[in-house]
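One structure is given below, encoded as structure tokens.
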Amino acid sequence: MRVIVTGGAGFIGSALVRYLVAERGYTVLTIDALTYAGNEQSLKAVAGHGSHSFLHADICDAAAMERALADFKPQRVMHLAAESHVDRSITGARAFIDTNIIGTFTLLEASRHYLASLGPDEAGRFRFLHVSTDEVYGSLGEEGLFREDTPYDPSSPYSASKAASDHLAKAWSATYGLPVVVSNCSNNYGPYQFPEKLIPLTILNALEGRPLPIYGKGENVRDWLHVDDHVRALDLIAEQGQIGGTYNVGGRNERRNIDVVHRICDVLDALVPASTSYADLIAFVRDRPGHDARYAIDASRLETELGWRARHDFDSGIEQTVRWYLENQWWWEPLRGTYSGQRLGLMPEAPAA
């Protein structure tokens, strides 16, 4: 199996590349623009591996994408390249429009042209997996789950750009016959996650004795999915998923943000005790604009049709994740120069009347 992974130097992308090369024995071409969240050090485990190669390129570069497909001759494209942080989309939406919408369009077109160049047998084996987020569905109340037929209702520039890219991918399947499958996942966590996201930010701020910011009252609920469970699902969906279909991927681990942070503090208190509990560093801050109240995924289709099950429960997964950050300072310490943990996504205060 020859696979192109876009965004393969990012958090989920690098986990996918490591899995495909080391555990599945696939030949993989990683394509990444190496923006702030792309890190070749996340691919250190497969560096120099004969089955892995790396292309530094932007998915918005049509000529580069067409060359990559023509030269590498993949049987599968797994598209994860995206701007993904809601807070950054609030104050800098343009990058999200460019990468998530224009970049996806460019890659779909390059894949369509590549597919047309293949013989019938090769074309019949080709698949395009478009990887997306549960945030396209908007916000849930206290009950209910996101299903594959839940109407889209994005709340942020990030989720709106991903919703647009989902629609493009499905349209290219319906109109042009491109063999597309779409996945929508819940919040991921695990090793190699850029420390702007809640879990790594909390871990690193706590280790440095800095405030642990909690938006609003910390009551927003997310369904947490370990990244290793996610990449197993992506491989399965790309291999066996119904063309033109959508599969939701969730860990069935709903937690309030405040409870996630307390759990991290409990683990740190046990592993690297300080003079007081790390929970004393918790600081409630002004909420994020348009902050969705609750996300929760119904992964029944993935579980029943394809036989996938999450292997990590949240408590053990969090402890494993905290231990990884404690043991891999070489990876995250240079990133603190790129992003030191400052608050992102703040709207300017309205002028006084």
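The values are calculated or read from the model by the stated rules, or taken from the named source; none is laboratory data. From a predicted model like this one, the values you see are computed outputs, not experimental measurements. Cβ placement follows ideal geometry from the backbone for every residue including glycine, while neighbour counts extend to all protein chains displayed.
If I filter the stretch 1-28 down to residues being part of a loop (DSSP other than H, G, I, E, B) and more than 13 Å from the chain's Cα centre (by Cα), which single residue comes out as farthest from residue 39 (Cα to Cα)?
Result: 1.
Let me spell it out: the conditions are (1) among the β-branched types (Val, Ile, Thr); (2) closer than 30 Å to residue 174 by Cβ; (3) crowded, with 20+ Cβ neighbours inside 10 Å, and residue 243 meets all of them except one. Which number is the exception?
With (1) among the β-branched types (Val, Ile, Thr); (2) closer than 30 Å to residue 174 by Cβ; (3) crowded, with 20+ Cβ neighbours inside 10 Å applied to residue 243, the lone miss is (3).
Do you know which of the residues in the stretch 29-48 that are assigned to a loop (DSSP other than H, G, I, E, B) and not small (Gly, Ala, Ser) is surrounded by the most Cβ atoms within 10 Å (Cβ to Cβ)?
It comes out as 39.
Filter the stretch 57-68 down to the residues that are of a type outside the set (Gly, Ala, Ser), surrounded by fewer than 23 Cβ atoms within 10 Å (Cβ to Cβ) and assigned to a helix (DSSP H, G or I) and list them by number.
66, 67
What pairs can you find where one residue is in the stretch 327-338 and surrounded by 10 or more Cβ atoms within 10 Å (Cβ to Cβ), the other is modelled with pLDDT under 95, and their Cβ atoms are less than 7 Å apart, with a gap of 6+ or different chains?
What qualifies is 332/195; 335/194; 335/195; 338/36.
Spot the failing condition for residue 217; the list is (1) modelled with pLDDT of 95 or more; (2) part of a loop (DSSP other than H, G, I, E, B), and only one is missed.
Looking at each condition in turn, residue 217 falls short on (1).
Kindly indicate the residue of the stretch 75-103 that is part of a loop (DSSP other than H, G, I, E, B) and touching a residue at least 12 places away in the same chain (Cβ under 8 Å) and also surrounded by the most Cβ atoms within 10 Å (Cβ to Cβ) among those meeting that condition.
Selected residue: 81.
Filter the stretch 108-118 down to the residues that are in a helix (DSSP H, G or I) and either closer than 20 Å to residue 159 by Cβ or of a type in the set (S, T, N, Q) (or both) and list them by number.
Once the filter is applied, which keeps residues that are in a helix (DSSP H, G or I) and either closer than 20 Å to residue 159 by Cβ or of a type in the set (S, T, N, Q) (or both), the stretch 108-118 yields 108, 111.
Looking at the stretch 122-147 only, could you name the residues that are of a type outside the set (A, V, I, L, M) and under 20 Å from residue 78 (Cα atoms)?
122, 124, 125, 126, 127, 128, 130, 132, 133, 134, 135
Somewhere in the stretch 275-284, is a residue in contact with a Lys or Arg (Cβ under 8 Å, 6 or more places away or on another chain) and under 19 Å from residue 219 (Cα atoms)?
Yes - at least one qualifying residue is present in the stretch 275-284.
Given the residues 72, 54, which is the only one that is buried (at least 18 other Cβ atoms within 10 Å of the Cβ), more than 20 Å from residue 130 (Cβ to Cβ), aromatic (Phe, Trp, Tyr) and in contact (Cβ under 8 Å) with a residue 12 or more places away in the chain?
54
Quick check, is residue 61 touching a Cys at 6+ places or on another chain (Cβ under 8 Å), at pLDDT 95 or above and of a type in the set (Asp, Glu)?
Here the answer is no, as residue 61 does not meet what is asked.
Residue 174: out of contact with any helix residue (DSSP H, G or I) (no Cβ under 9 Å at 6 or more places or on another chain), within 30 Å of residue 123 (Cβ to Cβ), in contact (Cβ under 8 Å) with a residue 24 or more places away in the chain and hydrophobic (A, V, I, L, M, F, W, C), yes or no?
Here the answer is yes, as residue 174 does meet what is asked.
Conditions (1) in contact (Cβ under 8 Å) with a residue 12 or more places away in the chain; (2) over 22 Å from residue 144 (Cβ atoms); (3) within 21 Å of the chain's Cα centre (by Cα), marked per residue:
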position	(1), (2), (3)
232	yes, yes, yes
239	yes, yes, yes
242	yes, yes, no
247	yes, no, yes
254	yes, no, yes
275	no, yes, no
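List the strands (runs of 3 or more DSSP E) inside the stretch 119-202, counting only whole elements, that have at least 1 residues being within 14 Å of the chain's Cα centre (by Cα), hydrophobic (A, V, I, L, M, F, W, C) and more than 26 Å from residue 219 (Cβ to Cβ).
Per the criteria, 127-133, 180-185.
Being within 20 Å of residue 188 (Cβ to Cβ) and at pLDDT below 95 narrows it down to one of 45, 22, 37, 15, so name that one.
37
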